[in-house]
1. Restricting attention to region 1-31, which residues are outside any strand (DSSP E or B), at pLDDT 90 or above and not hydrophobic (A, V, I, L, M, F, W, C)?
2. Do we have any residue at all in region 131-144 that's acidic (Asp, Glu), buried (at least 17 other Cβ atoms within 10 Å of the Cβ) and either modelled with pLDDT under 95 or in a loop (DSSP other than H, G, I, E, B) (or both)?
3. Please specify each residue of region 87-105 satisfying the condition of being surrounded by 15 or more Cβ atoms within 10 Å (Cβ to Cβ), more than 11 Å from ILE139 (Cβ to Cβ) and in contact (Cβ under 8 Å) with a residue 40 or more places away in the chain.
4. Taking the condition at pLDDT below 90, over 30 Å from LEU287 (Cβ atoms) and either polar (S, T, N, Q) or outside the structural domain of ILE189 (by TED's automatic domain parsing) (or both), does GLU54 pass?
5. Take the residues in region 85-103 that are β-branched (Val, Ile, Thr) and not in a loop (DSSP other than H, G, I, E, B); name whichever of them is nearest to ARG25 (Cα to Cα).
6. Which pairs do you get when a residue that is of a type outside the set (S, T, N, Q), found in region 242-258, comes within reach of a residue that is surrounded by fewer than 20 Cβ atoms within 10 Å (Cβ to Cβ) and part of a loop (DSSP other than H, G, I, E, B), reach meaning Cβ atoms under 8 angstrom, with the pair 6+ apart or on two chains?
7. Using the structure shown, decide if VAL84 is closer than 18 Å to HIS128 by Cβ, more than 18 Å from the chain's Cα centre (by Cα) and either touching a residue at least 24 places away in the same chain (Cβ under 8 Å) or surrounded by fewer than 20 Cβ atoms within 10 Å (Cβ to Cβ) (or both).
8. Which of the residues that make up region 104-130 are of a type in the set (Val, Ile, Thr) and not in a loop (DSSP other than H, G, I, E, B)?
Amino acid sequence: MPRKGFVAVAGRLDAVVAATTGSSRADAQRAIAEGNVSVDGRPRPKSFRLEGGEQVVVDLAEAVALVAERPPVPVVFEDAFLLVVSKPGGLVTHPTARRRSGTLVNRLLGMAVPLAPAGGELRPGIVHRLDAGTSGLLIVAKTDETYAALREGFRHHAIARHYLALVRGQVPHDRFGVEAPLGRRAAKIVVDRVDGRPATTSFEVRERMPRTTLVEAAPETGRTHQIRVHLSAIGHPILGDRAYGGGGDEALRVGLTRPFLHAWRLRFRHPVTGKEVALEDPLPDDLADVLARVRLDQRP
C-alpha cells in the first residue's frame, strides 16, 4: 500500500486529507477509522483540528485503473470543449478511492468521451456533482482550459441551475428564499449557524396538491445536499428523501425509491465560444410516473 506524506494546512483532519489526496470525505474518514492516517506520527480522530504545519501521512489504497462501462448516458449538448449529460437517478457521479466502477465517469469512458485531466484521477472532467439519487443536467469538461473556466463560473455563481422537487406539505408562499449556513455532522449535512458555510436557495411553487407541493429550486451557492437540507429545515422535506425526513408511507405508496429531485434547467455562457447555452431536461419516466400517481392519489 503506497504512502503519501504532506504538510497539513489548517482545518478538520478528514476534510484536509480528502482535499489533499483527491479522495472523498467518506474515504478519508474510513482511512482514519482504519488507522491509516497519522498526524506527527500519532493516529487522530476524523474531527481533529489541524493548526497547519503538522506532518500527515496517509496509507493509500493501491490505484486501480478506471474501467470503461456501458450503457451510455443521454447527451443533451456537446461540442469540442464540453458536454452536458442527463445523469440517471441512482448513478454516482464519480469514483472514489474504494469505488472504481459503476459511476457516471465510467459510463463517459465507455462512450470514449475525452475528459479533462485537471479534474483529477478520480474526477476527470467533473466540474460539479449531482447526488447519486438526483437526476438531470450535469456539465462535463473535455479540456483543462474549459474545466478551469467552468469552475470559475460556478465559483462566481455565473451558471444558473434550476431543479424540480416534490415536497411534503403545503408550501405557504409562491416565492421564497432560504438562507441558512450548512455544516457536516457525521454523514449528514445540517444547518449550522455557528461554523457552517453560507448557503442560499431561491424557491418558486409550480403546482399545489392537497398534501404535496411541486417547487422549482435555484441554488445560489453549491453546498453538498443544499436543496435537500434547506427544504427539510423549513418543514417541507423532499418526498422520497429518507435521509432528510421525506421517506415513509406516502413515498412508498406512490412508488418513490429516491428523492424527487431533478436538475431540469441549466443556463451558462460557453467559456470558449461566448454563446449562451440554455438547456432543459424533462422529468425522467420514474419521476413523471410518480407525479402522475401523486396527482391521482391526492385528488379532492
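The values are calculated or read from the model by the stated rules, or taken from the named source; none is laboratory data. These numbers were taken from a predicted model, which means no experiment stands behind them. Ideal geometry is used to build each Cβ from the backbone, glycine not excepted, and the neighbour counts take in all protein chains shown.
1. ASP14
2. yes
3. Passing the criteria: PRO88, GLY89, LEU91, VAL92, THR93, THR96, ALA97.
4. Against the criterion (at pLDDT below 90, over 30 Å from LEU287 (Cβ atoms) and either polar (S, T, N, Q) or outside the structural domain of ILE189 (by TED's automatic domain parsing) (or both)), GLU54 does not qualify.
5. Our first condition is that a residue be β-branched (Val, Ile, Thr); within region 85-103, this holds for 85, 92-93, 96, 103.
After this cut, where a residue has to be not in a loop (DSSP other than H, G, I, E, B) as well, the list is 85, 92, 103.
Numbers: VAL85: 25, VAL92: 15, THR103: 17 Å.
Selected residue: VAL92.
6. GLU250/ARG211; ARG258/GLY90
7. Details: closer than 18 Å to HIS128 by Cβ: yes; more than 18 Å from the chain's Cα centre (by Cα): no; either touching a residue at least 24 places away in the same chain (Cβ under 8 Å) or surrounded by fewer than 20 Cβ atoms within 10 Å (Cβ to Cβ) (or both): yes.
No.
8. As a first pass, look at region 104-130 and keep what is of a type in the set (Val, Ile, Thr): 105, 113, 126-127.
Result: VAL105, ILE126.
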